[in-house]
Amino acid sequence: MMCTFQADEVMRDQPAEISYEKKLFSKKYYIMTPGPTEVPHEVLKTIISDEALLPNYWEIYDVDVKLVKKLLNNDGEVIIMGGGATVGLEALVSTLINEKTRTLILSAGYFGEVIAKLIKIYHGKVDVIRERQGKVPSLEAIEKYLSKNNVDYVVFAHCETSAGTIFDIEEVARVVKENSHAKIIVDAVSTAGAIPINVNSDKSGIDAVVFGVQKALNMPPGLAIVGLSKNIVEEMEKLEPKGYYLNLKLWLDYWKIKRILPSTPPINLLYGLKVSLERIFSEGLQNVYRRHLFVSKKLRNALRKMGLRIVAESEEIASPTVTAVYMPNGVDSETVVNDMWRKYGVLVATALGEISNRAIRIGHMGITATLDNIFVVTYALSKTLANRGVNINIENALSSLT
Ligand SMILES: Cc1ncc(COP(=O)(O)O)c(C=O)c1O
């Protein structure tokens, strides 16, 4: 069942039995979902500014492409399209995959399965190394498969957002490159801007990435970004993809030769993207990456202190951007999500896939990845569970965060 939320239905309790409650909840509400995430005022202001509503996009597109290349350490090309991240993913598939292509998908859950489905629609031959939610396919399994099979592409979702698990992208790239000539395509929808991703021909680099802007980039949804390494751009030269909007070769040719795009982009969002990326660079990429690691570890720690079980089965595969956590037996995830919103103004999400009724997901992406937010979400979850009759030591959970 779909949860629906309205901004005016938050009826937050204002008890002050514990002193730190007073400093909690300084904002009307807290968007702690794994996307779309909170949008900073600067970005909001920019996307409705006069400048951002002018019809020309040429200069701002160029500026954004340069900034994205810097984010991805990219030696090839970047394409920014109007649409959700899935538009970029389908464009990659539509451009690169045909009935002759053989692909290995590494699936850790819901979004891994979406990738497999999509490639099959384009008649690609698909093999899947699959793990249940909470685990990710091992490097050994990937190496073993590649030692016996030739594939053109290895594709995976960097963070399996449905379960809060993550692949070690550099290690997967290394294993794939050492054992095959396959190109690596990564869905980094819930990691780009929060975890290092290198799209280049280096040993640990990947060949293609896709992501949206409504996660760690803290923008409203509406842009799909594709990063391509120099190698894959050269490979694309040899292909003759069908399609128009989803044909990335056409996007590159149009821009290079005519300095136009095949379709008008959401120009105001291109202006917002510049602000969003500049914010990240001004904090410093390494600081941003460290902050996500630090905050996510603190949250997992606090959740364990509450007696809850994290879906990711080990710390090595727990995502710095989204945490999925099982609810105690007999407590339905949707009820918890609704209670947290209505009583505390804290918006989280149910899990997706097979664990959807049993787990909730907490996003900590971009500006929402702060210790203050983790404190608020831990408090709201503890109280919600306690109100539902679960025996929770709130003090214990919160004290690990101070
Ligand atoms: C890993 C992953 N891939 C793909 C998507 C789909 O992105 P969009 O809704 O922008 O098309 C999501 C959305 O949550 C995601 O987390």
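A few comments on the model shown:
- Listed residues 133, 286, 214, most fluctuating in the chain (Gaussian network, C-alpha, under 10 Å): 286
- With protein chains left intact and a 1.4 Å probe, residues in the chain average 43 Å² of accessible area per residue.
- Here the simple spin-label model places points 7 Å from the Cα toward Cβ, and for residue 48 and residue 9 these points are separated by 2.4 nm.
- 0 to 90° range, to nearest 10: angle between helix 285-305 axis and the chain longest Cα axis: 40
- Across the chain, counting alpha-carbon atoms alone, Rg and Dmax equal 21.4, 68 Å.
- Within region 41-280, percent of DSSP bridges classed antiparallel, to nearest 5: 40
- Extended-chain gain in nm, criterion 0.36 nm per residue less alpha-carbon gap, residue 26 and residue 148: 38.2 nm
- The chain: angle of helix 110-121 to the longest principal axis, Cα-based, in degrees nearest 10: 30
- Antiparallel DSSP beta bridges within the chain, percent to nearest 5: 50
- Taking the DSSP bridge list for region 52-185 and keeping only pairs wholly inside it, about 15 percent are antiparallel.
- Unsatisfied cross-links (Cα-Cα over 32 Å) in the set 66/298; 120/258; 144/238; 177/238; 117/258; 66/305: 66/298; 120/258; 117/258; 66/305
- With contacts taken as Cα pairs under 8 Å at a separation of at least 6 residues, the chain carries a relative contact order of 23 percent.
- Whole-angstrom gap from region 370-402 to region 242-289, using each part's C-alpha centre: 40
- For 257, 267, 80, the ranking by accessible surface with the largest value first comes to 257, 267, 80, using a 1.4 Å probe.
- Förster radius 45 Å - calculated FRET efficiency between residue 179 and residue 285 (Cβ-Cβ, nearest 0.05): 0.90
- Note on the chain: with neighbouring protein chains present and a 1.4 Å probe, carbon and sulfur make up 51 percent of its accessible heavy-atom surface.
- FRET efficiency for residue 343 and residue 301, using Cβ-Cβ distance with R0 set to 25 Å, rounded to 0.05: 0.55
- Using a Förster distance of 30 Å, the FRET efficiency for residue 130-residue 70 (Cβ separation, nearest 0.05): 0.30
- For region 41-280: relative contact order, % (alpha-carbon pairs under 8 angstrom, 6 or more apart): 29
- In the chain, the longest principal axis of the Cα atoms and the axis of helix 267-283 are about 70 degrees apart.
The values are calculated or read from the model by the stated rules, or taken from the named source; none is laboratory data. Computed from a predicted model, the values in this text were never measured in an experiment. Positions of Cβ are generated from backbone atoms using ideal geometry, with glycine treated the same way; all protein chains shown enter the neighbour counts. Quick note on the areas: whole protein, heavy atoms, side chains included, nothing else; ligands and nucleic acids left out. Shrake-Rupley method; radii C 1.70, N 1.55, O 1.52, S 1.80 Å.
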